[in-house]
Amino acid sequence: MIYRQTTRSIVVTVEPFYLEEQSRPDQHRWVFGYRVKIENDGDETVRLISRHWRITDGSGRMLEVKGDGVVGEQPRLEPGQSFEYTSGTPLGTPSGIMRGTYQMLTDSGEWFDVGIPAFSLDAPSALRLAN
């Protein structure tokens, strides 16, 4: 499934997937990847400065992750440009949910948050919950 959210003409698209080869269900470890595309459909240049994720597993345990940029980069997006990356996260349950924000800075010095759509993480054998 593909998830999409737009904030101030910045479009964030996320496609999660299960990483069976890295998962160890017998050790309560399920690993998920996600592909993200960030598109600047606006008329101002922006830079992604930092990220803030909330990762919640199927038992309701939440982990917050904050940091500079994404995958070691702070991409600058001019109008019409996009940036794509792939990352991942382990969970202690076979399903969960992620949501978050990117903190952006315009060339004129204005800060704003861009919403990352909430997306479901579900192992193929997991009972799908209303995450």
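Identify all residues within segment 104-116 that are surrounded by fewer than 17 Cβ atoms within 10 Å (Cβ to Cβ) and within 14 Å of the chain's Cα centre (by Cα); write none if there are none.
113, 115 - these are the residues of segment 104-116 that are surrounded by fewer than 17 Cβ atoms within 10 Å (Cβ to Cβ) and within 14 Å of the chain's Cα centre (by Cα).
Among the candidates 38, 49, which residue alone is of a type in the set (Val, Ile, Thr), part of a strand (DSSP E or B), surrounded by 15 or more Cβ atoms within 10 Å (Cβ to Cβ) and in contact (Cβ under 8 Å) with a residue 24 or more places away in the chain? It would help to see each step written out before you state the result.
On the way: 49 fails: surrounded by 15 or more Cβ atoms within 10 Å (Cβ to Cβ).
Just a single option satisfies the conditions, and that option is 38.
Among the residues making up segment 87-111, those that are among the charged types (D, E, K, R) and in contact (Cβ under 8 Å) with a residue 24 or more places away in the chain are 99, 107. In the set 14, 65, only one residue is touching a residue at least 60 places away in the same chain (Cβ under 8 Å) and under 12 Å from the mean Cα position of the chain (by Cα); that residue is 14. Say whether the condition of being at pLDDT below 95 and either of a type in the set (A, V, I, L, M) or within 18 Å of residue 119 (Cβ to Cβ) (or both) is met by at least one residue in segment 8-30. No.
The values are calculated or read from the model by the stated rules, or taken from the named source; none is laboratory data. Source: prediction; values computed, not measured. Here the Cβ is made from the backbone with ideal geometry for all residues, glycine too, and neighbour counts use every protein chain on show.
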